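Asks: Take a look at the following structure, please.
The values are calculated or read from the model by the stated rules, or taken from the named source; none is laboratory data. Values in this document were obtained by computation on a predicted structure and should not be read as measured data. Cβ sites come from the backbone with ideal geometry, for glycine too, and all protein chains shown count toward neighbours. Keep in mind that these areas ignore ligands, DNA and RNA; they rest on the heavy atoms of the full protein, side chains included. Shrake-Rupley method; radii C 1.70, N 1.55, O 1.52, S 1.80 Å.
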Amino acid sequence: MDKLIDDLIKLAFAEDIGDGDHTTLCCIPATEMGKSQLIIKEDGVLAGVEMARRVFKAFDPELKMTVFIEDGAEVKKGDIAFVVEGKVQSLLQTERLMLNIMQRMSGIATTTRKYVKQLEGTKTHVLDTRKTTPGMRMIEKEAVRIGGGMNHRIGLFDMILLKDNHVDFAGGISKAINRAHEYLKEKGKNLKIEIEVRNFDELEEALQTGGVDRIMLDNFTPENTREAVRRVAGRVELESSGGITFDTLRDYAECGVDYISVGALTHSVKSLDMSFKAC
């Protein structure tokens, strides 16, 4: 996965700098040295410090980064997270990419921490989804972990998740599950299997068929979720998904599900405000 991040950084620099940062190059001598500090401008959870380190190193290995606040820490407006020293040209050319990544990651971590705290006292964990920014999935999912959440699957390759369309095209719950097992045996793979169910009939069919590690309850009401937990009785992990908001999150958790997946952790968060200023 490191290669994906390295490729992302290269692509981002190519996108931003192109054939040169002519603004910086025209007015800053190549030998000019200086330092800049990352200033937090809004309360939240800091994420992306290690990514920032990778950005600076990729562009100019001679940049020196002194970190005061690590990933996962709760920060307040006015905090200084780190200082970077080196060539001023390098500081100016890495500024926007570093900020874009850190603001996005910190926004995700801040939102995730809010959801995690809402679940305190229950057995339920909050999961992310694949609803991520193309190309930035690895760092967005890392931000979820930094915020205290858990990753669902990374992509289509590390878990089998039989969703409604898979079930419908396969011809039903049992056929989808059985085909999944046949495929894993044929390919010699050992992947967990999760299946999405939309009603109690599909839930019962999934339980009778067996062979799944987790069942996703799609758009169940809290009342129906509680009944589903009763019927499953701990035989398989349960995940709630679909139509769940922050205000209803705890209602579902108190039904006794193991996980709640929340697309909003990554697809609609507000970036955390911060700036990178000369000091």
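Asks: Could we say that Leu191 is closer than 15 Å to Asp158 by Cα, assigned to a loop (DSSP other than H, G, I, E, B) and in contact (Cβ under 8 Å) with a residue 24 or more places away in the chain here?
Replies: Spelling it out, Leu191 is indeed closer than 15 Å to Asp158 by Cα, assigned to a loop (DSSP other than H, G, I, E, B) and in contact (Cβ under 8 Å) with a residue 24 or more places away in the chain.
Asks: From the list Lys76, Lys114, Lys87, which residue is closer than 28 Å to Ser241 by Cα, surrounded by fewer than 21 Cβ atoms within 10 Å (Cβ to Cβ) and of a type outside the set (Asp, Glu)?
Replies: From the options Lys76, Lys114, Lys87, the qualifying one is Lys114.
Asks: Pairs under 6 Å by beta carbon, first residue modelled with pLDDT under 95 and outside any loop (DSSP other than H, G, I, E, B) in region 129-141, partner among the basic types (Lys, Arg) and open to solvent by 60 Å² or more (accessible area, probe 1.4 Å), six or more apart or different chains?
Replies: Close Cβ pairs satisfying both conditions: none exist.
Asks: Just give me the residues in region 263-279 being more than 10 Å from the chain's Cα centre (by Cα), closer than 30 Å to Gly242 by Cα and not small (Gly, Ala, Ser), in sequence order.
Replies: Val269, Lys270, Leu272, Asp273
Asks: Can you tell me how many residues within region 208-235 are open to solvent by 30 Å² or more (accessible area, probe 1.4 Å), over 24 Å from Arg250 (Cα atoms) and among the hydrophobic types (A, V, I, L, M, F, W, C)?
Replies: Residues that pass the stated criteria total 0.
Asks: Looking at His267 and the list (1) within 25 Å of Gly48 (Cα to Cα); (2) crowded, with 16+ Cβ neighbours inside 10 Å; (3) not polar (S, T, N, Q), which single condition is not satisfied?
Replies: (2)
Asks: State whether the residues of region 20-27 include one that is within 25 Å of the chain's Cα centre (by Cα) and open to solvent by less than 40 Å² (accessible area, probe 1.4 Å).
Replies: No: zero hits.
Asks: Something else about it: Being outside any strand (DSSP E or B) and within 12 Å of Arg231 (Cβ to Cβ) is the filter here, so list the residues in region 206-219 that pass it.
Replies: Ala206, Leu207, Gln208
Asks: Just to be sure before I move on: is Leu184 of a type outside the set (Phe, Trp, Tyr), without any contact (Cβ under 8 Å) to a residue 60 or more places away in the chain and either more than 20 Å from Met159 (Cβ to Cβ) or assigned to a strand (DSSP E or B) (or both) in the structure I sent?
Replies: For Leu184, the condition - of a type outside the set (Phe, Trp, Tyr), without any contact (Cβ under 8 Å) to a residue 60 or more places away in the chain and either more than 20 Å from Met159 (Cβ to Cβ) or assigned to a strand (DSSP E or B) (or both) - is not met.
Asks: Looking at Ala58, Ala81, which one is of a type outside the set (Ser, Thr, Tyr), crowded, with 18+ Cβ neighbours inside 10 Å and touching a residue at least 12 places away in the same chain (Cβ under 8 Å)?
Replies: Of Ala58, Ala81, the one residue that is of a type outside the set (Ser, Thr, Tyr), crowded, with 18+ Cβ neighbours inside 10 Å and touching a residue at least 12 places away in the same chain (Cβ under 8 Å) is Ala81.
Asks: Return the residues of region 91-111 that are among the hydroxyl-bearing types (Ser, Thr, Tyr) and open to solvent by 10 Å² or more (accessible area, probe 1.4 Å); say none if nothing qualifies.
Replies: If the condition is that a residue be among the hydroxyl-bearing types (Ser, Thr, Tyr) and open to solvent by 10 Å² or more (accessible area, probe 1.4 Å), then Thr110, Thr111 are the ones that fit.
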